[in-house]
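The values are calculated or read from the model by the stated rules, or taken from the named source; none is laboratory data. What you see is a predicted model, and the numbers here were worked out from it, not measured in a lab. We place every Cβ from the backbone using ideal geometry, glycine too, and count neighbours over all the protein chains shown. All accessible areas refer to the heavy atoms of the entire protein, side chains included, with ligands and DNA or RNA removed. Shrake-Rupley method; radii C 1.70, N 1.55, O 1.52, S 1.80 Å.
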Amino acid sequence: MIHQKENSFLIIIITLLLLCITLILGACLHIMFEWDLTIIAGLIGFIGAIIGGMITFYGVRVTIWHRDKEIFLSTATSKLLLITTKIEPKYKEIANEALLYSNVFNLDIDYHLKAKRLHELMKRFIYTSYEDMETLYDIMEYEDIKGFHQSLKEMREEVVNESNVQLNDLIQLIQQSYQYIFATSAKLEKKYFQYKKQVL
């Protein structure tokens, strides 16, 4: 709704500026030349075309915006239920389990065993994401999908190479991948309540 008000205000300002420019131009033409009915009719037609075009443009934008909002609201509830009850909990569990192998916890487990278990968690995360990919594509925004894929790629490389990196870096990689799913859930919820407020 804020964007709609800003757009309306901008269109009004541009229209008024165009009218002022047209009036100034008309005054200059009146000083330089003798006005006749043809020039006046042309000028009125020109102003009318500009105003009509702007009103049409604004009307189309508002229509598209309302249509997008209705489409989103019609599918938002099912998407929110799906991501909060079936998708996010699986990845949250893996992310939380990964935290147990940080330097703070499980001091009695040696580095190699922790690294091995973190690599197993990564494999589980990757496998789960392949199972859910179609649903994730349907729910996530394009930028988030790109970031998520990049994180999965880094995880795959780490699983294949099993490089001698810091445990916290492995944990961070799992957490980073999970954050894309968590952020999607938060964005959907925020957008849903924002649109619902505008409807009421």
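A few comments on the model shown:
- Heavy-atom accessible surface of Lys196, to the nearest 10 Å², is about 90 Å², with a 1.4 Å probe and all protein chains retained.
- Summing Lys and Arg as +1 and Asp and Glu as -1 over all other residues whose Cβ lies under 15 Å from the Cβ of Lys86 gives a net charge of -3.
- Among residues other than Gln150 with Cβ under 14 Å from its Cβ, the summed charge is -2 (Lys and Arg +1, Asp and Glu -1).
- The accessible-area ordering, largest first, of the residues Thr84, Thr38 stands as Thr38, Thr84, per a 1.4 angstrom probe.
- List Lys197, Lys69, ordered by accessible area with a 1.4 Å probe, largest first: Lys197, Lys69
- Solvent accessible area, Å² - Arg117, 1.4 Å probe, full protein context: 80
- Legend: distances between Cα atoms for Lys69/Lys90; Lys69/Lys146; Lys90/Lys190; Lys69/Lys190; pairs beyond 20 Å are Lys69/Lys90; Lys69/Lys146; Lys90/Lys190.
- Ordered by 1.4 Å accessible area with all protein chains kept, Tyr142, Tyr137 run largest first as Tyr142, Tyr137.
- With DNA, RNA and ligands ignored, accessible area of His66 (1.4 Å probe; Å², nearest 10): 80
- Unit Cα scatterers, Debye sum, segment 54-200: log10 I(q)/I(0) for q = 0.11, 0.20 Å⁻¹: -0.52, -1.15
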